[in-house]
1. Averaging over every viewing direction, what projected area does the convex hull of the Cα atoms of the range 1115-1156 cover, in nm²?
2. Under the rule of at least 5 residues apart or a separate chain, name every residue whose amide H is placed under 5 Å from the amide H of Leu689.
3. Once you've got the Cα coordinates, tell me which of Lys805/Lys848; Lys359/Lys504; Lys101/Lys374; Lys805/Lys842; Lys583/Lys620 are over 25 Å apart.
4. State the percentage of accessible surface on the range 508-549 attributable to carbon and sulfur atoms; use a 1.4 Å probe and exclude ligands, DNA and RNA.
5. Accessible area of the range 438-478 with a 1.4 Å probe: how many percent of it is carbon plus sulfur?
6. I'm a student and want to see the number: the projected area of the Cα convex hull of the range 411-569, averaged over all directions, in nm².
7. Could you give the nm distance between label points at Leu484 and Leu1035, where each point is 7 Å from its Cα heading toward the beta carbon?
8. Accessible area per residue, 1.4 Å probe, Å², for the range 494-596: what's the number?
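The values are calculated or read from the model by the stated rules, or taken from the named source; none is laboratory data. Here the structure is a predicted model, which means the values were calculated and not measured. Cβ sites come from the backbone with ideal geometry, for glycine too, and all protein chains shown count toward neighbours. Please note that ligands, DNA and RNA were not included when accessible areas were found on the heavy atoms of the full protein model with its side chains. Shrake-Rupley method; radii C 1.70, N 1.55, O 1.52, S 1.80 Å.
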Amino acid sequence: MFTMVVVQLNSHKPKSMMIIMLEVMVQVGCVEFVGILLFMAGIEKNPGPTDQFNFRYQYLLIQLGSDLLRKIFDERIGTTLDQYLQANLNHLNKILVLINKNVITEDQKVLIPPACIKPLSTSFDITLLACLLRNICGLKNAGDKVWTTPSINDHSLEADIARLRICRNKVGHSGTVQISQTQLDSDWTELSQILGSLNSKLTNSIPNLSDEIKKVETMVIDENLNKIHKETLSLWAEMDKSFDHSLVEISETLGRMELNQAHISGKVDSAMEKISAFEVKLDKNLQRLSQGPVEEKPKKLFVQAQELQEALVQVYRRVCSMLPISPLIDDEEIDLFEVYSEPSLVQAEHFKVQNKTEKSAISSYEEIFTKNGKKCHNVYVSADAGMGKTSFCHRMCLLWSQAHSGISSDDERIRDDIEFLQQFDFLFYVSLRDSNFTTVIDLIKHQLKNVEESLITHVLKVRTTLILLDGLDEWTPTESTCTLPERPLLDPRCVYLTTCRPYKLESLKLRNRDIDHLVEITGIHGDAAKHYVACIVNYLNEKYDQNKTPYDFQTELRRCSLHSQMCIPVICSQLIFLWFDGKLTHMSKSAVYANTLEMLFKRAMEKHIEAPPMENLNFKFPQCFESMNCVQRHGSLLRKICHVAFDSLLSTENSITMPSLVFTPVQLASSPYFLSPEETDYLCKIGLLSKNKVIGRLFEDQKVKLSFIHKSYIEFLAALYIATDKYNNIDVIVKRWSKLEDFFQFDHFYLLLAGLSFDKMEYLMTKLYSNLSNDFVQCHKMAVDDIDDVLYNEKLILLQNITIKCIKEGRASTGTNIDLRLENFVIGNVTEHELVKEMLQKQHNSVKSIFSMNGLFFDEFALIDGLISLKLEDLPSESLPGFISCMLKCKHTLQTLGVSSYLTMKLPIFELDALTSISLCNVKMSHVNYEDFINTLSSKTCLENIVLKDIDCTDHKKFESDCPCSHGLNLSCHNRLRYLILYQVSVFVSKIRNTEIQRIRIDPAPKELSAHLSDFYQSIQYSQLQYINIGHVRLTNIAKLLTDAIQTLKNLKWLRLSNCTLFDSLLKIHSDAKGVKVVLHNVTFMRDCLYAFIISILRNNVVVEMVNNILLFYHEDKAYEIQYAELADYVSSYVSSIEGITVTYQQGYCLRFETK
């Protein structure tokens, strides 16, 4: 039946018993407190008087007593515990309460649901079994006196269980050293009788129980076990002294105040801390006795962390204190503080199209890492090529090292930045261009060689840390599906600053929660630009014994119409060198790079750098290279390195397997480049290639890596490769385009290609419109929510900006009035209106969409007769007639119409034959026009998207109780409807066809409109819905219909409930719905609803975000609430105990967790 084995006496932990004692004390109330307290105080008393008797008594009680309780438990529930709780949710609620109150301990809760999916009673100890029998097995109420003081005449199961617990305490209750043999025999007999009584109540009882008891009575105990036992008893005795004092404190507290959990909790915590300390002693003692001498502990992690901090300070001070005077002179450096010029920083909004005037300036590190008074943990710094993102990071590294070296500055702004950085115990700089690892920890390990992962993890978890991820757009991870370095789920004290180009942010489609603050580097301006120019000019004057002035350089820039290029540091330095060499004329950007190449090769000749043998290469250079003899002499070598640049940047075939821009000499020597070691060395000497400097390495034993001096050069050389080759290389580029975002990531490359070969750029744009036609169709359609709307608009804005820049570059390069195709026009305050008007005049027959951000109307719009999409924001009254005329002219082609304005208007919706998508926001209508408008939507059965937000009736106040403005929208025949959004409008859906609808947002404020939604929620059951956003549910029957519908949706991907009361409805997610994102905001629900919801999402990869919610529950016919931050703590504690659920964020009343 059970095996005779030697057990350690600490298998029954004192801490777990004390928690049970305190919980019982709270449950039964003040009247019986003293009696129960004295009863429970004996549980952990010294087991003396006779060691061997104590051991046998404990063994009999724990081993045989546990077996009996386990059998009784299994018979009472009649099935497995998980199935029993699924059928009895109220019992699951009791378990959760016991866990929350620590009645069930940390060690025990992992053995039962919800933490354990398949629990086995064989793993339960006697304490847990007794607890479960008392609370969930249909026995007498847990507060009944039978559980504490069973009557001598009571032979019930409850009384026997209580007596079994009391027997455990009798071992040391008297506290004396000697007990008579008569008393020992009496105790043994009493325990044996209790076990026999429990056995008799079993259907399947233990046979020969008396024989099993006899075996324990006569078992042999060796000396080693005796020694451990005695020392254990000694520790328990010491512990009891402290515990007894805690009991007195609790008794005194209860004498001064009314009994409740809040008053008890402080004393409980104090008592438990003392008990835990002795428990640690006990565990160490048993470990020492059983395992022998303990090995010497390794060096403390905090000491290692201090050493790492000191090493980082030294590395950053050594490596980051100097900057190259220019990318053109990579081997000559100048002090960072001498040449560094503060770039202009502005605060941007990731999901908002902003004018320049709307962006707030940022002047300090504190403003970078805070927004609206809140600390930011995810900061992104965005800037175009050559703006100084890496120098920005190097300066931050250097100032951090000064902050931890006691070095200040006379400059007040620098001093403030140093003081701000002192809050970060660690700063890790990660150059993403130098590594292809996918996790932040691996990236840090790569740059901190010989540093253990455990130390890095320790630092990120417990120390305030700033992590700089530099060059996200140049990062090529080993896993192609990885879009961001994976961050460890550690303490939120980790702060991340990531630098990248603007296109990368757009292609990542990060949500607001992923970006706490977006900062843009707009270049160096004003005094900062003058300072930068003066530093380089003074350096060159001293080097070449000249006497030129910065003013002369700026005058020449204005003459050449290149003054705007001063704001880009890398271009500015090139221009200074060209001017110093007398080469600066009126030139395009591509010509600037071409002259830079000429200067590099000429400089090499002047320094007598021996060039490798050159092959004769017969190909035509672009026009800007016609007078550049040095470049043409190096044609074959330039062709090879251009091929490397093209493959590294663009090709999907023959691509370099290293991260972008970084490669080895062996790779360059291989097919198809065949660059000899002499050629590679020559390119390094002239400055076109450079040896890679890996910032952050603590040990300099790395293999040599090579890179281009800047990514803008690789883009120029790749453009030169295409400009001097056949058109089929453009097809290689086109293969990389699966969506419009793929096109955007090479924006600077297109600009340079337009200057080198405008014909190739025209051909490439033709391919763009033909190969990505589906993407343009999607942009023409109405976005289904605000975020998507901004994403679509950003795509069109980016495309227009790229096109306009390429046109200007091509015109500057060729001197002719050339144009590129543009089908989608975005009109805003910063748009170059004259050029746009010129393009509209020439291309009006091919214009497909117009998005006017400020409602501006151009006369050229009247020429357009094939418009597909028209979106208008902030429409002024003077522009309305012109746009209505434009709608009517395009009434047979216009498919998408979006209007956002605070004007009162009547739009010709009925006359728009091809309309499939409509969005109205903040529009006002008379009551008659409002009704006609809704009737028109009901009649247009071809509509695919309907978005109505904040539409007001000018004849009635919004949502008045007696307002007749309540319009029914009949969608029963709209079999193509995909998206429906009704937000704060006096409109309800009377009927709907549910077969194809994918996304809905229904948010009616008044109850009167909510009452009309019963048919609607019934009709969406078992539909194809993927995205649901519901607000302001306040009626019981509507809540029930809504939750019933949700649990039928197999294709659900996103669910948001806000300002809803679910009453006693159960929110569940369908078992087939995987990877769902659920947001609960200002939702009030019952406890059963919460538990049912969490059980339904297990193992379904669901992400849950809870903000500002309320949990209702009833106890003894009284209603209680757990609100906001308290509820977040409650749910966090609950889900953390469940296997497969991870809490990823918790702060205040916000909580985010996910299931796997």
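1. On the way: hull surface 14.0 nm².
Quarter of the Cα hull surface area: 3.5 nm².
2. Residues meeting the criterion, in which the H sits 1.01 Å from N, are Cys684.
3. Lys101/Lys374
4. On the way: 890 of 2200 Å².
Of the solvent-accessible surface of the range 508-549, carbon and sulfur hold 41 percent.
5. Working: 630 of 1370 Å².
After summing per-atom areas, the C and S share lands at 46 percent.
6. Numbers: hull surface 54.7 nm².
Computing the convex hull of the Cα atoms and averaging its projections yields 13.7 nm².
7. Here the answer is 4.1 nm between the modelled labels.
8. Working: 4060 Å² over 103 residues.
Heavy-atom SASA per residue in the range 494-596 reads 39 Å².
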